[in-house]
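Nothing in this text is a laboratory measurement; each read-out follows from the coordinates by a stated rule. Fair warning: this is a prediction, and the values are worked out from it, not measured in the lab. Every residue, glycine as well, gets a Cβ built from its backbone with ideal geometry; the counts of neighbours run over all protein chains shown.
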């Protein structure tokens, strides 16, 4: 069975080691770490902390993944900039370097998964230019990950160039042989934004490519992650679909807007997940 996890982007006001202990106490079996300013900053890594995180996670029985969705880690003013789609090669190279650093961090942590996304297409680029840039830069990151035994998980993200599962499939096809190594990170809430529904059916359709999952609810089709039960997600259906396809990776709650109440949100999310799985809440 898959392991329930929680993303540290919803615990931005917690020290990483404190977050590990708290999540283990709540019953989580995995933690999706988003390296960010103040939390395992990928541009200024404290290797002693990296060693401590690996040791603590092993002692607590927590599986780890590395997420690369930090908003302002590369630019203090522009969210998620630069991307692999920028016009300037040196800008694309900055994103690739950070992704490679994230792969190295995952290897040091004993994490098997690194998630990533395309970014927003520059207004000056054509779709074909964006596809070519994305494929070229991804091949570099895929080679780096392969050499370190780390699995890349590509996440379609609403509002970005690759925002729907069908575009992920196209990306894999465009990558050719290299596409075999690019797994899918599926955020089930995003399916409610892009109207790729029903979510359980989409999971069954994509199950063979699935290596990582984000769990969140969405209300009224607006791309804002909310607590389960406050949006439209069929959480029991999603959980059953993951079981049906034999998914055995990490399914991590992603409530990045809830850090101000992170301890409560992590506990409440676990209660609702257990209920959806038919366990005593």
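Figures for the structure shown
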{"quantity": "Per-pair calculated FRET efficiency, R0 = 25 Å: residue 260 and residue 43 via Cβ, rounded to 0.05", "calculated": "0.50"}
{"quantity": "Fraction of antiparallel bridges per DSSP, the chain only, in percent to nearest 5", "calculated": "5 percent"}
{"quantity": "Label-point separation, residue 56 to residue 223 (7 Å along Cα→Cβ), nm", "calculated": "3.2 nm"}
{"quantity": "FRET efficiency estimate (nearest 0.05) - Cβ-Cβ, residue 132 to residue 204, R0 22 angstrom", "calculated": "0.10"}
{"quantity": "Highest-fluctuation residue, 57, 102, 232 considered, GNM on the chain with Cα pairs under 10 Å", "calculated": "232"}
{"quantity": "The stretch 3-276: translational diffusion in µm²/s, Stokes-Einstein, Kirkwood Rh over Cα pairs, 20 °C, 1.002 mPa s", "calculated": "115 µm²/s"}
{"quantity": "The stretch 79-142 versus the stretch 188-210: alpha-carbon centroid distance in Å", "calculated": "24 Å"}
{"quantity": "Rg/Rh (Cα only; Kirkwood hydrodynamic radius) as it applies to the stretch 175-281", "calculated": "0.98"}
{"quantity": "Simple label model, 7 Å out from Cα along Cβ direction - residue 87 to residue 26, nm", "calculated": "4.4 nm"}
{"quantity": "Cα gyration tensor, the stretch 56-215 - rounded (a/c under 1.5), prolate or oblate", "calculated": "rounded"}
{"quantity": "Förster-model FRET efficiency, 30 Å R0, residue 79 and residue 177, C-beta, rounded to 0.05", "calculated": "0.35"}
